[in-house]
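Working notes for the structure below.
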Amino acid sequence: MRAFVAGATGWTGRHVVEALVACDVETVAHVRPDSPRLEHWKTHFGRVGARFDSTAWDPAAMGERLDALKPDLVFGLLGTTRRRRDRGDGDYEAVDYGLTVMLMDACCREPAPRFVYLSSLGAGPGATSPYMSVRWRVEERLRESGMRGLVVRPSLIIGDRDEARSGEAMGAWILDRILAPLRWVGRGDLADRYGSIHGKDLGRGIVAHALRMDAPERVIDSGDVRPRRLPLAIGGDLNR
């Protein structure tokens, strides 16, 4: 089996790459060609056992690359969580929506690969924030594409990122403590769904579900990818 991971340098993406390799999946980690850390990521992904790719974000180039690779799984893990002041919501539209849809359109060969999209809890038809609205539009586009799709809607993602996000970390800490009493009254499922999740656990859980994706379409959330919720038949290889 072969997987192509777009957004491989993100906090979730790098853990997805590592989990795929741990499951003996031939993994191609994509890094944008203008990345200032291109050589760093080339070395990093080589060390973890993945192939490195820096195909340009161009419809024709991406289509040709995927046609050549013929991946069984394509992961769309692209996202911008911080807007540039000079572009407003433009980053969400250009990257979160535009590049993800370009990746989808590049998967036009037959049989089409399974497409795994990292959305967010809160994405839906009534979403008011640009971030959530864009994610819902991508989900809709995936459904319209006819590809077998796995949509992942996590809550707050935590961990030691490359850049400090003190506000996000504090928000996750407060949220988890608000949700903690739910476990005392037998509603741990709600705490699992809405509570924060570490990027490593999320990456492993996404891969576990992606490798067993048999339904035409599935939507999962943080509760579905918790380590204790993964049967050994799915997640056993991810523990090494």
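Summary table
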item	result
Residue in the range 144-151 that is buried (at least 17 other Cβ atoms within 10 Å of the Cβ), closer than 30 Å to Gly63 by Cα and out of contact with any helix residue (DSSP H, G or I) (no Cβ under 8 Å at 6 or more places or on another chain) present	yes
Given (1) under 24 Å from Phe4 (Cβ atoms); (2) in contact (Cβ under 8 Å) with a residue 40 or more places away in the chain; (3) assigned to a helix (DSSP H, G or I), number of the condition Val152 does not satisfy	(3)
Top-ranked residue of the range 94-132 - restricted to ones that are crowded, with 18+ Cβ neighbours inside 10 Å, small (Gly, Ala, Ser) and out of contact with any Gly (no Cβ under 9 Å at 6 or more places or on another chain), ranked as nearest to Val151 (Cα to Cα)	Ser119
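None of the figures in this text is laboratory data; all of them are computed from the coordinates on show. Keep in mind that what you see is a predicted model, and the values were worked out from it rather than measured. Cβ coordinates were reconstructed from backbone atoms using ideal geometry, including for glycine residues, and neighbour counts include every protein chain displayed.
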